[in-house]
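Here the structure comes first, spelled out in structure tokens, and everything after it is commentary.
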Amino acid sequence: MADAKYYELYRRSSLGGSLTDTLDSLITERRIEPQLAMKILANFDKAVAEVLAEKVKARLTFKGHLDTYRFCDEVWTFIIKDINFKLDNTNSIHADRVKIVSCNTKRPGEA
């Protein structure tokens, strides 16, 4: 699928934010065109989605208190407070608050 659309969620990660900031600087300095920046971001969206789907095999369990949940445009968003994570049955990691965003692997309207 050459023109497949991918979610843009990971653009808000620290890596995605750094990429976006760098591309913005390059556009401002007239070193690249905005169209090239958009192609780079689309490639980033695709690469992150594919790597996570193909390479990540670890399992994570968590327990916490559900504070807020929302379902909009086929996307679930959960805010969980006082949460403990356990990766592959190892030691626990605690966080005061976590936001989890969950999307279908296929976007609305895709076969």
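The values are calculated or read from the model by the stated rules, or taken from the named source; none is laboratory data. Just so it is clear, the model here is predicted, and its values are computed rather than measured. All Cβ positions, glycine included, derive from the backbone under ideal geometry; neighbour counts span all protein chains shown.
A few notes on this one:
- If the condition is being outside any helix (DSSP H, G or I) and over 26 Å from Asp73 (Cα atoms), then segment 1-52 contributes Glu29, Arg30, Arg31, Ile32, Glu33.
- Met1 being modelled with pLDDT under 95, of a type in the set (A, V, I, L, M, F, W, C), more than 18 Å from Ser102 (Cα to Cα) and not assigned by TED's automatic domain parsing to the domain that holds Val75: yes
- Where a residue in segment 93-111 is closer than 16 Å to Leu9 by Cα and its partner, wherever it lies, is surrounded by 11 or more Cβ atoms within 10 Å (Cβ to Cβ) and modelled with pLDDT of 90 or more, with Cβ under 6 Å and at least six apart: Val98/Ile80; Val98/Ile83; Lys99/Ile79; Ile100/Phe78; Val101/Thr77; Ser102/Trp76
- Within the option set Phe85, Phe78, Phe62, Phe44, being modelled with pLDDT of 90 or more and more than 29 Å from Leu19 (Cα to Cα) holds for one residue only, Phe62.
- Check on Phe78, closer than 20 Å to Leu9 by Cα, under 17 Å from the mean Cα position of the chain (by Cα) and assigned to a strand (DSSP E or B): yes
- Residue that is farthest from Asn104 (Cα to Cα) [pool: residues in segment 68-88 that are among the aliphatic types (A, V, I, L, M) and surrounded by 14 or more Cβ atoms within 10 Å (Cβ to Cβ)]: Ile83
- Sole exception among (1) under 23 Å from Ser102 (Cβ atoms); (2) of a type outside the set (D, E, K, R); (3) out of contact with any Gly (no Cβ under 7 Å at 6 or more places or on another chain) for Ala37, by number: (1)
- Within segment 25-39, residues that are without any contact (Cβ under 8 Å) to a residue 40 or more places away in the chain reach no partner that is assigned to a loop (DSSP other than H, G, I, E, B) and among the charged types (D, E, K, R) with beta carbons closer than 6 Å at six or more positions or on different chains.
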